[in-house]
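Visitor: Take this structure first; my questions come after.
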Amino acid sequence: MIDNFERFDMKAPPVRTKWYLRPLTLLLSAPDVKKHKCIITKTGTEGLKPPFVLLCNHNAFMDFKVATKAIYPWRANYVVAIDGFIGREKLLRDVGCICKRKFTNDTTLVRQLVRTVKNGDVAVIYPEARYSLCGTTAVLPESLGKLCKLLGVPVVTLICHGHHVNSPFWNLHDRGVKPTEAEFTLLYGAEELKQAPVDEINAKIVKAFRYDDFAWQKERGIRVTYEGRAEGLHKVLYQCPACKTEFKMSSAGCILKCNACGKEWRMKELSELEAVSGETEFSHIPDWYEWERANVRAEVEAGTYSSGELPVRVDSLPNAKKFIPLGTGTMIHDMEGFRVKVTDKDGDVHEMVKTVPSMYSCHIEYEYLGKYGDCVDLNTLTDTWYTYPDPEKCEFAVTKMALATEELYYAGKR
Ligand SMILES: [Zn+2]
């Protein structure tokens with residue numbers, strides 16, 4: 001049945017933003033940029049003209065709005081994941097979005113970006129390809145340096161600060177953080193780029209992308225007084241550092257709690273954590289997250305990592321019109337990668353296998369669209385499977401699966 005669906009046309013050439021939509025995009029972005037009093041600092045970009053490549057960090061929808069302001073009035077094509085297109089494909093195409101399925105190697109996309117640059121426009125890319133989970137850099141694709149070299153135009157970065165702290169991926173409530181900041185920096189001029197080896201370009205991009213939103217918040221002394229500020233944090237911090245139990249954390253108000261040993265931590269206004277009683281293991285949220293990563297890495301190195309067999313339901317997204325309920329079945333994530341097997345209502349079995357070398361990272365969602373809870377999205381070039389483990393029937397953390405995807409990939413390369 002799955003093959004009868006019309007597929008999203010990934011090959012459609014990028015649309016040059018219609019002239020009448022350009023002021024509109026700025027207008028739509030302006031209230032938020034203004035509300036958060038975003039300060040854009042330009043370094044080497046003062047006299048810059050398109051075409052160029054703009055590499056942006058990705059923490060919240062606000063990123064698009066700041067990018068629009070930074071490059072106005074130039075035209076741009078934005079690389080956007082297919083789920084951003086649902087129900088509004090025409091509009092997104094008209095404002096210049098190019099569709100991509102996450103974490104797939106896609107030569108069509110490269111051709112489209114070449115077209116953008118030939119048109120004399122700005123190619124906007126969010127190379128982390130997913131929102132940062134705790135306001136620090138997500139993994140960057142190794143193909144980035146090569147892509148920049150191929151496009152042969154200046155490489156510019158736009159690194160925004162404050163967007164995660166303002167509206168973290170795990171609880172989108174707008175905390176009214178201001179002023180936010182953005183650095184609009186020239187990394188390579190076209191001539192310099194020609195001389196630079198790919199490894200050096202990659203290293204320079206990685207360096208430019210080093211950011212830590214919680215450290216930034218503390219440095220700037222920006223307080224978040226929102227009372228529910230810790231709510232959702234247990235999705236990222238899924239393992240207790242006191243008793244080491246996984247998947248038993250919860251959060252309410254400004255308190256994070258382990259339901260196995262009962263230990264509690266308070267999230268303060270500068271986003272530091274403090275144990276309600278006893279030792280504070282980690283006051284800085286990204287340190288706790290990196291500790292979890294180290295534990296996952298140890299499991300990978302020991303060859304023991306496995307999610308176990310999880311009961312799941314899968315929604316498929318063959319085009320940008322709507323999700324198609326595919327069926328229910330099981331998912332395993334282990335040393336071999338992901339294996340999902342579901343049976344649809346006609347009794348047909350569908351399988352998706354994603355090997356370790358095929359994914360350097362993995363997109364996850366928390367409480368996605370308020371439907372069935374947390375999910376992992378797995379992609380082929382023509383389909384996306386939103387895979388929801390059943391929280392009533394099993395224990396898991398999609399965050400751990402995302403960390404494991406990266407650790408498995410890099411272990412395979414070592
Ligand atoms: Zn505990």
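Visitor: Would you point out the residue of segment 217-238, among those that are free of Cβ contacts under 8 Å to residues at least 60 places away in the same chain and not in a loop (DSSP other than H, G, I, E, B), that is nearest to the ligand (Cβ to nearest atom)?
Guide: Step by step, filter segment 217-238, then rank; the result is His234.
Visitor: Going by the structure shown, is Glu351 in a loop (DSSP other than H, G, I, E, B) and loosely packed, with under 15 Cβ neighbours inside 10 Å?
Guide: no
Visitor: Report, ordered by the first and then the second residue, all pairs with beta carbons closer than 9 Å, sequence separation of six or more or different chains, a first member in segment 54-65 that is more than 18 Å from Leu186 (Cα to Cα), and a second member that is part of a helix (DSSP H, G or I) and of a type in the set (A, V, I, L, M).
Guide: Matching pairs, first to second residue: Asn59/Val165; Met62/Val33; Lys65/Leu28; Lys65/Ala30; Lys65/Val33.
Visitor: When segment 376-389 is examined, which residues are found to be open to solvent by less than 40 Å² (accessible area, probe 1.4 Å) and either touching a residue at least 60 places away in the same chain (Cβ under 8 Å) or among the charged types (D, E, K, R) (or both)?
Guide: Asp377, Asn379, Asp383, Thr384, Trp385, Tyr386, Thr387, Tyr388, Pro389
Visitor: Then there is this: Among the residues of segment 166-184, how many are in contact with a helix residue (DSSP H, G or I) (Cβ under 6 Å, 6 or more places away or on another chain) and within 16 Å of Arg210 (Cα to Cα)?
Guide: 2
Visitor: Would a scan of segment 193-213 turn up a residue that is in a loop (DSSP other than H, G, I, E, B), more than 16 Å from the ligand (Cβ to nearest atom), under 22 Å from Gly370 (Cα atoms) and not hydrophobic (A, V, I, L, M, F, W, C)?
Guide: no
Condition check ((1) more than 22 Å from Val139 (Cα to Cα); (2) among the β-branched types (Val, Ile, Thr); (3) assigned by TED's automatic domain parsing to the domain that holds Asn171) across all residues:
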site: Val349; (1), (2), (3): yes, yes, no
site: Lys354; (1), (2), (3): no, no, no
site: Pro357; (1), (2), (3): no, no, no
site: Gly373; (1), (2), (3): yes, no, no
site: Thr384; (1), (2), (3): no, yes, no
site: Pro391; (1), (2), (3): yes, no, no
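Visitor: Which of the residues that make up segment 110-163 are open to solvent by 10 Å² or more (accessible area, probe 1.4 Å), among the charged types (D, E, K, R) and in contact with a Leu (Cβ under 8 Å, 6 or more places away or on another chain)?
Guide: Selection gives Lys149 alone.
Visitor: Only one residue in Glu269, Glu301, Glu264, Glu274 is open to solvent by 50 Å² or more (accessible area, probe 1.4 Å) and free of Cβ contacts under 8 Å to residues at least 12 places away in the same chain, so which one is that?
Guide: On the way: Glu269 fails: free of Cβ contacts under 8 Å to residues at least 12 places away in the same chain; Glu301 fails: free of Cβ contacts under 8 Å to residues at least 12 places away in the same chain; Glu264 fails: free of Cβ contacts under 8 Å to residues at least 12 places away in the same chain.
Exactly one residue qualifies, and that residue is Glu274.
The values are calculated or read from the model by the stated rules, or taken from the named source; none is laboratory data. Just so it is clear, the structure is predicted and the values come from calculations on it, not from any experiment. As a convention, Cβ positions derive from the backbone with ideal geometry for all residues, glycine included, and neighbour counts pool all protein chains shown. Keep in mind that these areas ignore ligands, DNA and RNA; they rest on the heavy atoms of the full protein, side chains included. Shrake-Rupley method; radii C 1.70, N 1.55, O 1.52, S 1.80 Å.
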